[in-house]
Each structure stands twice: as C-alpha cells, then as structure tokens.
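*Asks:* First the structure, which I've put down as structure tokens, then a few questions once you've had a look.
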Amino acid sequence: MPLETTLDLLEKSEIQLSTLGIYNFIFFVIWSLTLAEGTEPVIIEIPYVFLEAILFLTITYPAVNFYGSAYKVFWYFYTVFCTLLYYKFLGMMMVSLTPTYQVASIFANLCYTLMSLFSGYLIPGPKFPKWWVWGYWICPTSWSLKGILISQYGDVKEEIVAFGEQKALDAFLDGQYGYKHQDLPIIAIVLLAYPLVFASVFAYGIAKLNYQRR
C-alpha cells in the first residue's frame, strides 16, 4: 500500500481514537457521580479498554493492510491499548480536578486539540520550531504515532518514492519524521507511563478534591 494512503488511513484512525476518547469522557462524566473514591474506577476501566483495543485492532489492522506479522500485530495492539487508556484516564483526570463537568469538558477539548496539533502528523517533529518542540515531546499522541509507524515500517528496507526521491522506507521515516526503529523500547515505556500518570492524578483528585461536598 502506498505510504500516502497509509498515512491518510492513520489520520482517520487518529480521529477515530480521538472520538473514542471524547465518548469515553462523556460516559465518565455521567458515571463518575456514583463511583467510590480511590483506584477502583481505574481498575474497572482496564478490561473495558482492553476489549475496545481488540475490536479496534480487528477492524483497522486489515483495513490499513499492515504487515501480517505477530510481532507487528502485538506492537499495534499495545500502542492502541495504551492510547485508549490515556485518553480514558485523561478524561477521568479532568473530571476529578475540576468543580463541574462543563469546566472539565472545556479543558478536555483543549487538550484534545493540542494533542492533535503536536502529534507530529501535521507538522513532523524535526520541523517544529525550537521554542515549540517541547510540546511535541510531551504530547502523548506523538508517541502513539511513533509507536504505530516505527513498529510497522521502521525495519522495512523496501524502496519508495517520496517527494520525488527514491529511498528506503526506514530511511524516509528517519529523515522526514525522526523515527528510528531502535527507539521502540523507549516508546513502550513512555506509552505506559502516560496512563499511569493520568490515573494516579485522577485517584488523588477524586480522593482529595471532592467538589461534590460543596
């Protein structure tokens, strides 16, 4: 499949993930009013998100026509699972840190917009101005995009034509986006860290900042 077509499909997949995140946020706004304090809500969400990730993989992996490798399927699943988790826990965190769901919705939408802008899709990471590149490095979706593209194409030596030049696919990803296959272990750790941080902040907020008492 041509790289341009794949990137278009990935953009649609990112939009679908963002949409799922918004739906999860709305669901949690309603549901959080009846939940107990602590980590129980976090634990309850994990099997639900796990099933979401399996369904998402089942639909999108063959649709995008990625390589039929167990190694690449695992990495795709892991990236999607962590992405859905941090979207879910980000919405939960916003609810726990704000006094009303209207305020939480405003901040969540702002975060989703910034996460799309700094994901590295519209503007590749190496092309960000130096005073804005920090936003790219701390943006969760930039690591998700790295995880998907590097795991699927970072070790592919097949020649492609991009911007009028013929080069290997892995060399194109490195030169255009700064994606290197050896970065996968770091990406795996960062992708796991985001949901853990968001879930921890949520657990603290829901226990210590109980606005429902006012």
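The values are calculated or read from the model by the stated rules, or taken from the named source; none is laboratory data. The shown structure was predicted, so the numbers you read here are calculated from the model rather than taken from an experiment. All Cβ positions, even for glycine, are placed from backbone atoms using ideal geometry, and neighbour counts span all protein chains on display.
*Asks:* Taking into account only those residues within segment 115-128 that are more than 19 Å from residue 82 (Cβ to Cβ) and among the hydrophobic types (A, V, I, L, M, F, W, C), which is surrounded by the fewest Cβ atoms within 10 Å (Cβ to Cβ)?
*Replies:* The residue in question is 122.
*Asks:* Now for a different question. With the structure loaded, tell me whether residue 149 is touching a Leu at 6+ places or on another chain (Cβ under 7 Å), closer than 27 Å to residue 71 by Cα and not acidic (Asp, Glu) or whether it fails that test.
*Replies:* Spelling it out, residue 149 is indeed touching a Leu at 6+ places or on another chain (Cβ under 7 Å), closer than 27 Å to residue 71 by Cα and not acidic (Asp, Glu).
*Asks:* Could you grab me the full set of residues in segment 97-126 that are among the small types (Gly, Ala, Ser) and more than 30 Å from residue 172 (Cα to Cα)?
*Replies:* 104, 105, 108 - these are the residues of segment 97-126 that are among the small types (Gly, Ala, Ser) and more than 30 Å from residue 172 (Cα to Cα).
*Asks:* Sticking with this one: Which helices (runs of 4 or more DSSP H) sit wholly inside segment 125-187 and have at least 2 residues that are modelled with pLDDT of 90 or more and either under 17 Å from the mean Cα position of the chain (by Cα) or not basic (Lys, Arg) (or both)?
*Replies:* Counting at least 2 such residues, we get 133-138, 140-153.
*Asks:* Can you say whether residue 59 is of a type in the set (Val, Ile, Thr), surrounded by fewer than 18 Cβ atoms within 10 Å (Cβ to Cβ) and part of a loop (DSSP other than H, G, I, E, B), as far as the supplied structure shows?
*Replies:* Considered against the rule, which asks whether it is of a type in the set (Val, Ile, Thr), surrounded by fewer than 18 Cβ atoms within 10 Å (Cβ to Cβ) and part of a loop (DSSP other than H, G, I, E, B), residue 59 comes out as no.
*Asks:* Here's another thing I want to ask about it. Which pairs turn up if I take residues in segment 188-210 that are in a helix (DSSP H, G or I) and look for partners that are β-branched (Val, Ile, Thr) with beta carbon separation below 6 Å, at least 6 apart in sequence or on another chain?
*Replies:* If the second residue must be β-branched (Val, Ile, Thr), the pairs left are 199/42; 203/39.
*Asks:* Taking residue 144 as meeting all but one of (1) polar (S, T, N, Q); (2) over 21 Å from residue 115 (Cβ atoms); (3) in contact (Cβ under 8 Å) with a residue 60 or more places away in the chain, write down the number of the exception.
*Replies:* (2)
*Asks:* Being crowded, with 21+ Cβ neighbours inside 10 Å and under 17 Å from the mean Cα position of the chain (by Cα) is the requirement here; does residue 91 meet it?
*Replies:* yes
*Asks:* Still on this structure, I have one more. Somewhere in segment 129-145, is a residue surrounded by fewer than 14 Cβ atoms within 10 Å (Cβ to Cβ) and either within 25 Å of residue 76 (Cα to Cα) or touching a His at 6+ places or on another chain (Cβ under 8 Å) (or both)?
*Replies:* Yes, the conditions are met somewhere in segment 129-145.
*Asks:* From 102, 182, 166, 176, grab the single residue that is among the polar types (S, T, N, Q) and under 18 Å from residue 78 (Cα atoms).
*Replies:* The unique qualifying residue is 182.
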